[in-house]
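See below for the structure under consideration.
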Amino acid sequence: PVAPAQAAEMLDELRGKKMLDGVRGMAPRDRETLIDAIVRLSWFAHDFKNEVAEMDINPLVVHERGAGVRLVDALIVKSS
């Protein structure tokens with residue numbers, strides 16, 4: 001599982017990280033909730049590692065600061 005500090009570091013390594021800070025007049029995104037979502041998804045993957053073969057989340061929308069994130073579509077493939 002990923003710790004919050006590790007999730008924050010991963011976000012800082014993204015090429016598009018400036019989008020989270022707000023660009024072109026866009027408000028900053030809810031980085032803290034995104035970090036929390038990454039941590040929780042990593043725990044889900046850990047807890048169900050013997051049952052889940054794949055997990056695809058696309059898109060995950062990050063709203064303005066304080067407004068959370070929204071998982072729009074996801075696919076979880078069960079291990080055979």
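The values are calculated or read from the model by the stated rules, or taken from the named source; none is laboratory data. Just so we're clear, the structure is a prediction, and the values are computed from it rather than from any experiment. Every residue, glycine as well, gets a Cβ built from its backbone with ideal geometry; the counts of neighbours run over all protein chains shown. Only protein heavy atoms, including side chains, enter the accessible area calculation; ligands, DNA and RNA are left aside. Shrake-Rupley method; radii C 1.70, N 1.55, O 1.52, S 1.80 Å.
Remarks
- Exposed-site-free run, longest, the chain (rule: trypsin sites (Lys or Arg not before Pro); DSSP loop; at most 11 other C-beta within 10 Å): 50-80
- Kirkwood hydrodynamic radius of the stretch 1-40, Cα pairs, Å: 10.5
- Among the GluC sites (Glu not before Pro) within the stretch 20-76, those in coil by DSSP and having at most 16 neighbouring Cβ atoms inside 10 Å are Glu51.
- Counting only protein heavy atoms and a probe of 1.4 Å, the accessible surface of the chain is 53% carbon and sulfur.
- Above 15 Å, the calculated P(r) of the chain contains 62 percent of its Cα-Cα pairs.
- Relative to the Cα centre, the charge distribution of the chain, modelled as +1 at Lys and Arg Cβ and -1 at Asp and Glu Cβ, gives a dipole magnitude of about 260 debye.
- With a cut-off of 14 Å between beta carbons, the residues surrounding Asn58 carry a summed charge of -2, where Lys and Arg count +1 and Asp and Glu -1.
- ³J(HN,Hα) computed for each position of the stretch 12-19 - Karplus, 6.51 cos²θ - 1.76 cosθ + 1.60, integer Hz, glycine/proline x: 5, 8, 5, 5, x, 4, 5, 5
- Look at the dipole of the stretch 16-71 built from charges on Cβ: of Gly16, Ala37, Phe48, the Cα furthest out on the positive end belongs to Gly16.
- Surrounding net charge for Ala67, when Lys and Arg each add one and Asp and Glu each subtract one, Cβ distance under 15 Å: 0
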